[in-house]
Amino acid sequence: MMNLGDVYGRTFKTLRVSLLSTCNLGCVYCTVGDATINVDKKAQTPAAHFLKSIAQLHEQLNLETVRFTGGEPLLYHDLITVVEGVREIGIPHIKITTNAYLLDRMAPLLKEAGLQSVNVSLDAVDEEAFFKMSKRRHVDRVLKGIDTALKCGLEVKLNSVVLKGLNHEQILPLLDYAFDRNIPIRFLEVMAMGHLHNQADQYLFTQEDILLTIASKYDFMRLPRKVSATANYWQTDEGKVFGIVANESEPFCHDCNRLRLDAQGNIYGCLSSNFPVSINNIETEEELEQKLKQAMKQKQKVKFTGSELSMLHIGG
Ligand SMILES: Nc1nc2c(ncn2[C@@H]2O[C@H](COP(=O)(O)OP(=O)(O)OP(=O)(O)O)[C@@H](O)[C@H]2O)c(=O)[nH]1
Ligand SMILES: C[S@@+](CC[C@H](N)C(=O)[O-])C[C@H]1O[C@@H](n2cnc3c(N)ncnc32)[C@H](O)[C@@H]1O
Ligand code: SF4
Ligand code: SF4
């Protein structure tokens, strides 16, 4: 095991695994979304490839968390095998970020396989607003998936991207939906990438805008930020907690502990890096250490603005 750290003392403790790069929704702000499903399972990376890389990385880094993402991870053909595999490797926290369109069917199987936590991306509870954001009908499918996940005993959190003029009026309905069910919710500032990368300023609803909206209904105070967290959190006078991932107005690169692995066997030290570092065919610890050092150099300097990310590829 190696002690990898950069000049800011950052290490890799959370591995985000992009299982595939296709999706069944077409979120207007996303690099992935075009509402097409790649049904060719043979084109997807075999579970064994992911598990080999994850085991090698864990051996070097003593990972605390694996988070599956994509694309849409619930479309990955062998998800149960990779979740079970990660449990066997011994990584303590196994999580997923998903649009939950297929979660109703998958939640019990995932729980059984060892998954603990689900971040559900939900930008609206209203059907028309959901369609505007995701280009898909049937928000009820997502809501049913959330109910099933909760019933199975999975921890659930919500992620809601806010776009000015498209869904900002959903902030309070989303908040009330989450508060009623005691589900933590985080609002996400849009990052300047994907289809909107040139127009992100026009759609950006900032942390401050979000707080002003919530202040029209609730009184709240800020909570101390947890180390390496993506979100800032507040607590209302009634004891309900909500968060904001303020990628644009309050970047959180200074204690970032995340490493990304894609379906081609490449690692990236930063979500915004466009430079793949392949760990395919790595056999020795020394070789992997060199690759990890290369990836660590990709982390953003402590100050960055989301607009610097425009044009770059980002996989969840
Ligand atoms: N800039 C940046 N954004 C990130 C990073 N990790 C996640 N995000 C963004 O944060 C939002 C929420 O991502 P999630 O997949 O729920 O991950 P998370 O916030 O780390 O999840 P928790 O562990 O539950 O806090 C998404 O918009 C991600 O793109 C990161 O390392 N850097
Ligand atoms: C890329 S998605 C992949 C996982 C899954 N398909 C989902 O939507 O949860 C991961 C997270 O990134 C967020 N995201 C995607 N594009 C974004 C953008 N331009 N700005 C902010 N967040 C974004 C999504 O809302 C989601 O919460
Ligand atoms: S945010 Fe997630 S659900 Fe929406 S298009 Fe992107 S990958 Fe698909
Ligand atoms: S932009 Fe890069 S360095 Fe900054 S928090 Fe995200 S992954 Fe970490």
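Some values worked out for this structure:
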quantity: Candidate set from region 72-102 (those that are part of a loop (DSSP other than H, G, I, E, B) and farther than 22 Å from Phe12 by Cα); member that is farthest from ligand 3 (Cβ to nearest atom); calculated: Asp78
quantity: Number of the condition not met by Ala35 [criteria: (1) away from ligand 2 (no atom under 15 Å from the Cβ); (2) modelled with pLDDT under 90; (3) hydrophobic (A, V, I, L, M, F, W, C); (4) open to solvent by less than 40 Å² (accessible area, probe 1.4 Å)]; calculated: (1)
quantity: Residue match in region 132-139 (condition: among the hydrophobic types (A, V, I, L, M, F, W, C), open to solvent by less than 10 Å² (accessible area, probe 1.4 Å), over 17 Å from Ile96 (Cβ atoms) and in contact with a strand residue (DSSP E or B) (Cβ under 9 Å, 6 or more places away or on another chain)); calculated: yes
quantity: Exclusive hit being away from ligand 2 (no atom under 16 Å from the Cβ), under 23 Å from Asn266 (Cβ atoms) and either modelled with pLDDT under 95 or surrounded by 20 or more Cβ atoms within 10 Å (Cβ to Cβ) (or both), set Ser53, Ser21; calculated: Ser53
quantity: Which numbered condition Leu174 misses (of (1) within 24 Å of Ser18 (Cα to Cα); (2) within 16 Å of ligand 3 (Cβ to nearest atom); (3) assigned to a helix (DSSP H, G or I)); calculated: (1)
quantity: Test for Asn232: is it in contact with a helix residue (DSSP H, G or I) (Cβ under 9 Å, 6 or more places away or on another chain) and not hydrophobic (A, V, I, L, M, F, W, C); calculated: yes
quantity: Subset of region 177-193 (residues that are more than 25 Å from Asp140 (Cβ to Cβ) and in a strand (DSSP E or B)); calculated: Glu189
quantity: Count of region 59-107 residues which are within 23 Å of Ile279 (Cα to Cα) and either within 16 Å of ligand 4 (Cβ to nearest atom) or β-branched (Val, Ile, Thr) (or both); calculated: 15
quantity: Number of the exception - Trp234 against (1) in contact with a Leu (Cβ under 7 Å, 6 or more places away or on another chain); (2) touching a residue at least 60 places away in the same chain (Cβ under 8 Å); (3) within 23 Å of Val118 (Cβ to Cβ); calculated: (2)
quantity: Candidate set: region 246-266, residues that are at pLDDT 95 or above and more than 12 Å from ligand 4 (Cβ to nearest atom); chosen: the one most open to solvent (accessible area, probe 1.4 Å); calculated: Gln264
quantity: Subset of region 162-171 (residues that are surrounded by fewer than 22 Cβ atoms within 10 Å (Cβ to Cβ) and not in a helix (DSSP H, G or I)); calculated: Lys164, Gly165, Leu166
quantity: Failed condition for Glu155, given (1) surrounded by fewer than 17 Cβ atoms within 10 Å (Cβ to Cβ); (2) more than 16 Å from ligand 1 (Cβ to nearest atom); calculated: (2)
quantity: Counted residues, region 255-266 - those being among the aliphatic types (A, V, I, L, M) and either closer than 10 Å to Ser18 by Cα or within 16 Å of ligand 3 (Cβ to nearest atom) (or both); calculated: 2
quantity: Total residues in region 134-174, condition within 17 Å of the chain's Cα centre (by Cα) and under 16 Å from Phe205 (Cα atoms); calculated: 4
quantity: Complete set of residues in region 197-237 that are assigned to a strand (DSSP E or B) and open to solvent by 60 Å² or more (accessible area, probe 1.4 Å); calculated: Met221, Arg222, Gln235
quantity: Filtered residues of region 140-152 (kept if out of contact with any Ser or Thr (no Cβ under 9 Å at 6 or more places or on another chain) and either of a type in the set (Gly, Ala, Ser) or more than 15 Å from ligand 1 (Cβ to nearest atom) (or both)); calculated: Asp140, Arg141, Leu143, Lys144, Asp147, Thr148, Ala149, Leu150, Lys151, Cys152
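To keep it simple, each residue is scored yes or no on (1) within 16 Å of ligand 2 (Cβ to nearest atom); (2) buried (at least 22 other Cβ atoms within 10 Å of the Cβ); (3) free of Cβ contacts under 8 Å to residues at least 12 places away in the same chain.
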| site | (1), (2), (3) |
| --- | --- |
| Gly26 | yes, no, no |
| Lys42 | no, no, yes |
| His49 | no, no, no |
| Phe68 | yes, yes, no |
| Thr81 | no, no, no |
| Thr98 | yes, yes, no |
| Leu103 | yes, yes, no |
| Pro108 | no, no, no |
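The values are calculated or read from the model by the stated rules, or taken from the named source; none is laboratory data. Note that the coordinates shown come from a computational prediction; the quantities given were computed from them, not determined experimentally. For neighbour counting, all protein chains shown are included, and Cβ atoms are generated from backbone atoms with ideal geometry for every residue, glycine included. When the accessible area is computed, the model is the full protein with side chains, heavy atoms only, and any ligands, DNA or RNA have been set aside. Shrake-Rupley method; radii C 1.70, N 1.55, O 1.52, S 1.80 Å.
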